[in-house]
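Taking it in order: structure first as C-alpha cells, then the write-up.
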Ligand code: HEM
C-alpha cells in the first residue's frame with residue numbers, strides 16, 4: 001500500500017509541477033511554445049487529476065473534515081484551470097493567466113492540507 005501511495009504521489013506531483021510550471025511560464029506573452037505545449041499541458045492535467053483522484057481513494061478513503069475540504073477546494077480549482085485552458089484556445093495568454101491564478105490556489109491548498117485543523 002505504501003509503494004502504491006508513493007508512486008501515485010510522485011506521479012501526481014511531477015505532472016502537477018509540469019502543468020503548473022508551464023502555465024506560469026506562458027502567462028507572460030504569446031510565443032511559439034504556447035500552441036506547441038498545449039497537448040503536453042492537457043496530458044499533464046489529465047495525469048495530475050487521475051493520480052489525484054486515485055490518491056483521494058487510497059489516502060483519504062472517504063474521510064471528511066478540514067483536510068478533505070481543503071483538498072476539494074484545490075481540486076475544484078485545478079479542474080476549472082483545465083477547463084479554461086481547453087475552452088479558451090483563441091485567447092491563450094488570458095487563458096494561461098486565469099489558469100495560473102487557479103493553479104496557485106490549488107498548489108497552496110494541496111501543500112497546506114495536512115496542517116489545517
Ligand atoms: C483534481 C485535481 C486534484 C486532486 C483530486 C488532488 C488530490 C490530492 C490528494 C488526495 C492529495 C493528498 C495525498 C495524501 O494525503 O497523501 C494531494 C496531494 C498533493 N497534491 Fe493534489 N490533487 C489535484 C491537483 C493537484 C495539482 C494541479 C497539483 C500541482 C500543481 C497538486 C499537487 C499536490 C501536491 C504537491 C501534494 C502533496 C501535498 C503534501 O502532502 O504535502 N495537486 N492531492
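The values are calculated or read from the model by the stated rules, or taken from the named source; none is laboratory data. These numbers were taken from a predicted model, which means no experiment stands behind them. Backbone-built Cβ (ideal geometry, glycine too); neighbour counts: all protein chains shown.
Things worth noting here:
- Residue list for segment 34-51, filter: part of a helix (DSSP H, G or I) and under 11 Å from residue 96 (Cβ atoms): 34, 38, 41
- Unmet criterion (only one of (1) at pLDDT 95 or above; (2) part of a loop (DSSP other than H, G, I, E, B)) for residue 78: (2)
- In segment 59-75, the residues that are at pLDDT below 95 and either within 16 Å of residue 103 (Cα to Cα) or within 10 Å of the ligand (Cβ to nearest atom) (or both): 59, 60, 63
- Which numbered condition residue 19 misses (of (1) more than 9 Å from the ligand (Cβ to nearest atom); (2) assigned to a helix (DSSP H, G or I); (3) within 18 Å of the chain's Cα centre (by Cα)): (1)
- First in segment 36-60 and free of Cβ contacts under 8 Å to residues at least 12 places away in the same chain, second anywhere and in a helix (DSSP H, G or I) and more than 7 Å from the ligand (Cβ to nearest atom), Cβ under 7 Å, 6 or more apart: 60/68
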